[in-house]
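Remarks on the structure that follows.
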Amino acid sequence: MSAQKKTGLAVLGLVMLAMLGIGWYEFREFRTPKECGFCQRPLQARLRVVVEIGGQRREACCPQCAVSESRQEHKPVRLISVRDYSTAKVIDPAQAYYVNHSRALACSHDAMHMDEMKHAYALKFDRCSPGAFAFAKKEEAEAFIAQNGGQILSMEQLLGGANTQ
Ligand SMILES: [Zn+2]
């Protein structure tokens, strides 16, 4: 094989690799939502959850947002996966410790969809409030409470209000 042919093949190979890379990137971008399926707030790595409401699966910005949605829609909610607030790792929702009623804000409200949120502000209601933070370890939930206040809830307690009406 001539040197020219070799270079040609190498270039072709690189181009194909680049195209595959772009394809994969676009696939990932398409598959991974960036906004909450209910309130369109940006999804945060440590708070995002996967939930099922009325049989429809979506990603939500925080567990509380999904609970609010389920209350408003009068449909039961099921947590499929939640993230540990300390590590952003996916954890089993049934095993997690949820901290609610703390002073910490789960979702950043400022500068996000102010127009859409105006109505909510006027009513002093925020669908993500009080925020629910999930933790894999009880000690970490307790450390969070020592800093921000709040109380530990089990998954049943967190969803209880939503699913018993
Ligand atoms: Zn949301």
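Would it be correct to say that LYS6 is among the charged types (D, E, K, R), modelled with pLDDT under 90, more than 16 Å from the ligand (Cβ to nearest atom) and more than 21 Å from PHE135 (Cβ to Cβ)?
Taking the combined requirement at face value, the residue satisfies it.
Tell me yes or no: at least one residue of the range 48-65 is among the polar types (S, T, N, Q) and outside any strand (DSSP E or B).
Narrowing the range 48-65 to residues among the polar types (S, T, N, Q): 56, 64.
Right, trim to outside any strand (DSSP E or B) and you get 64.
Looking for residues that are among the polar types (S, T, N, Q) and outside any strand (DSSP E or B), one finds at least one in the range 48-65, hence yes.
Specify which of the listed residues (ALA141, ALA134) is at pLDDT 95 or above, touching a Pro at 6+ places or on another chain (Cβ under 7 Å) and surrounded by 10 or more Cβ atoms within 10 Å (Cβ to Cβ). Show your work before the answer.
Working: ALA141 fails: touching a Pro at 6+ places or on another chain (Cβ under 7 Å).
Exactly one residue qualifies, and that residue is ALA134.
Among the residues of the range 59-109 satisfying the criterion of being without any contact (Cβ under 8 Å) to a residue 40 or more places away in the chain, under 13 Å from GLN44 (Cβ atoms) and touching a strand residue (DSSP E or B) at 6+ places or on another chain (Cβ under 8 Å), which is nearest to the ligand (Cβ to nearest atom)?
Restricting to residues being without any contact (Cβ under 8 Å) to a residue 40 or more places away in the chain, under 13 Å from GLN44 (Cβ atoms) and touching a strand residue (DSSP E or B) at 6+ places or on another chain (Cβ under 8 Å), the top hit is ALA60.
Which one of the conditions (1) part of a strand (DSSP E or B); (2) closer than 14 Å to CYS107 by Cα does TYR85 fail to meet, given that it meets all the rest?
With (1) part of a strand (DSSP E or B); (2) closer than 14 Å to CYS107 by Cα applied to TYR85, the lone miss is (1).
When the residues of the range 24-45 are narrowed to those that are buried (at least 16 other Cβ atoms within 10 Å of the Cβ) and within 9 Å of the chain's Cα centre (by Cα), which ends up farthest from the ligand (Cβ to nearest atom)?
Ranking the qualifying residues of the range 24-45, first place goes to GLN44.
The conditions are (1) farther than 29 Å from GLN147 by Cα; (2) within 21 Å of the chain's Cα centre (by Cα), and ARG83 fails exactly one of them. Which is it?
It is condition (1) that ARG83 fails.
The values are calculated or read from the model by the stated rules, or taken from the named source; none is laboratory data. If you're wondering where the values come from, they're calculated on a predicted model, not measured in any experiment. Every residue, glycine as well, gets a Cβ built from its backbone with ideal geometry; the counts of neighbours run over all protein chains shown.
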